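Working notes for the structure below.
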Amino acid sequence: MPTPAPATPPAFSRSLQPAAWADLPGWSADDVGAAWPAFMQSCRGVASKPHGPGWKRVCDLARAADGKPGHDSRRFFEQHLKPYAVTGGDGASSGMITGYYEPLLQGSRTRSKGFEQAVRGVPDDLLTIDLSAVFPELKDKRVRGRLEGNKVVPYWSRAEIAARGEKLPGKPLLYVDDAVELFFLQVQGSGRVRLADGSVVRLNYADQNGHPYQSIGRVLVERGELKLEEASMQGIQAWARANPARLDGLLNANPSYVFFREMANSQGGPIGALGVPLTAERSIAIDPRSVPLGSPVFLATTQPNSVVPMNRLVMAQDTGGAIKGAVRADFFWGFGKEAGERAGRMKQSGRLWVLLPPELAPK
């Protein structure tokens, strides 16, 4: 019986074009070894993915080489992987690169004066429906909803969740002191909350209400309240401080709402969609319909709000509701205020090259 060809998801093939190592600007100058620990994390995570078997040989070789004297990361990637340029459906090779980070908020286990913004876990009445068993073409598509009588209806929007307050099934995980910071915690998808006793709770994305993400920065620009170049995270925060009475209306313009779960405290980064800790400045979020989750990706862009080149090897270890399209990535800057400053200013043009083993060569 003939050996079946390796299963490469068709969506990847449509967005990947063969390239040469010389096409990657700055490949020879990047400290590729700094991405090696993140690559080893990806090898842990890809095993359960549809394209995981195609990575087995390369990851086995990587584990054998890891930590050995004379190991050359750049040579390893060049010997065992091939680069593919990512292009959009319209043939565009450039797209938007944004940034995200892991914020620190101040909070409390109980609702009290100054701590009144609820950080919610997954509500008891949220239904997640996987339709792929009936419609295979809807693989990885999940519908969120709730029961109303004997019908499944859309889950509550952000505004409706706020209006229901404590009537929403399920006890809040925590309460924090700032509605804007809570909103951006949901945008980032993970974060830490420091309690009054000095202890820190780590939070990670658990689920979402099923409504599409809408950029509140874009809303402010369309209203003429901010210029396009001012619609950064810092610009939105400044607008919010100056317009507290209008803040709820702005936040509710984004109907999407993220629910969290508590994670064990650790020294590593937050857990991304691949199921492994993210590495500061070496992990990105991508659209998995176009870039295989877990793959190494060479990113060519510029520093936040700058024309200074930033070319480096990163790992596709996360996804996000706002990360849609082939040439689109969210660069993980790490934890804390400085990382937040960089992430908030980042809205650059960039290009992507996916590195794949021969077993996963697009057909």
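The values are calculated or read from the model by the stated rules, or taken from the named source; none is laboratory data. All of these numbers come straight from a predicted model, not from anything done at the bench. Positions of Cβ are backbone-derived with ideal geometry, glycine not excepted, and every protein chain shown enters the neighbour counts.
Some points to look at:
- Residue that is nearest to Gly275 (Cα to Cα), among those in segment 185-202 that are modelled with pLDDT under 95 and assigned to a helix (DSSP H, G or I): Gln188
- Scanning segment 212-248 for residues that are touching a helix residue (DSSP H, G or I) at 6+ places or on another chain (Cβ under 9 Å), among the small types (Gly, Ala, Ser) and either assigned to a helix (DSSP H, G or I) or free of Cβ contacts under 8 Å to residues at least 60 places away in the same chain (or both) turns up Gly217, Ala231, Gly235, Ala238, Ala240.
- Residues of segment 131-158 that turn out to be at pLDDT 90 or above and either out of contact with any Pro (no Cβ under 7 Å at 6 or more places or on another chain) or exposed (fewer than 10 other Cβ atoms within 10 Å of the Cβ) (or both), as a count: 12
- Restricting Leu173, Leu168 to those that are modelled with pLDDT under 95, surrounded by 16 or more Cβ atoms within 10 Å (Cβ to Cβ) and of a type in the set (A, V, I, L, M) reduces the list to Leu168.
- Boolean, Ser73 is out of contact with any strand residue (DSSP E or B) (no Cβ under 7 Å at 6 or more places or on another chain), surrounded by 13 or more Cβ atoms within 10 Å (Cβ to Cβ), more than 23 Å from Ile286 (Cα to Cα) and not aliphatic (A, V, I, L, M): yes
- Inspection of segment 234-246 finds a residue satisfying the criterion of being at pLDDT below 95 and under 20 Å from the mean Cα position of the chain (by Cα).
- Residues that are of a type in the set (Asp, Glu) and over 30 Å from Glu222 (Cβ atoms), drawn from segment 253-298: Glu262, Glu281
- Top-ranked residue of segment 290-338 - restricted to ones that are hydroxyl-bearing (Ser, Thr, Tyr) and modelled with pLDDT of 95 or more, ranked as surrounded by the most Cβ atoms within 10 Å (Cβ to Cβ): Ser295
- Here segment 11-43 is the region considered, the condition is being touching a Gly at 6+ places or on another chain (Cβ under 9 Å) and at pLDDT below 95, and the residue that is nearest to Gly272 (Cα to Cα) is Ser15.
- Filtering segment 252-265 for residues that are at pLDDT below 95, out of contact with any Asp or Glu (no Cβ under 9 Å at 6 or more places or on another chain) and part of a loop (DSSP other than H, G, I, E, B) leaves a non-empty set.
- For Met310: the one exception among (1) more than 21 Å from Glu78 (Cβ to Cβ); (2) assigned to a strand (DSSP E or B); (3) more than 11 Å from the chain's Cα centre (by Cα); (4) touching a residue at least 60 places away in the same chain (Cβ under 8 Å): (4)
- Selection count, segment 24-49, where residues are surrounded by fewer than 16 Cβ atoms within 10 Å (Cβ to Cβ) and more than 11 Å from Met315 (Cα to Cα): 10
- Segment 222-269, residues that are more than 30 Å from Gly145 (Cα to Cα) and either of a type in the set (S, T, N, Q) or in contact with a strand residue (DSSP E or B) (Cβ under 7 Å, 6 or more places away or on another chain) (or both): Ser232, Gln234, Gln237, Asn243, Asn265, Ser266, Gln267, Gly268, Gly269
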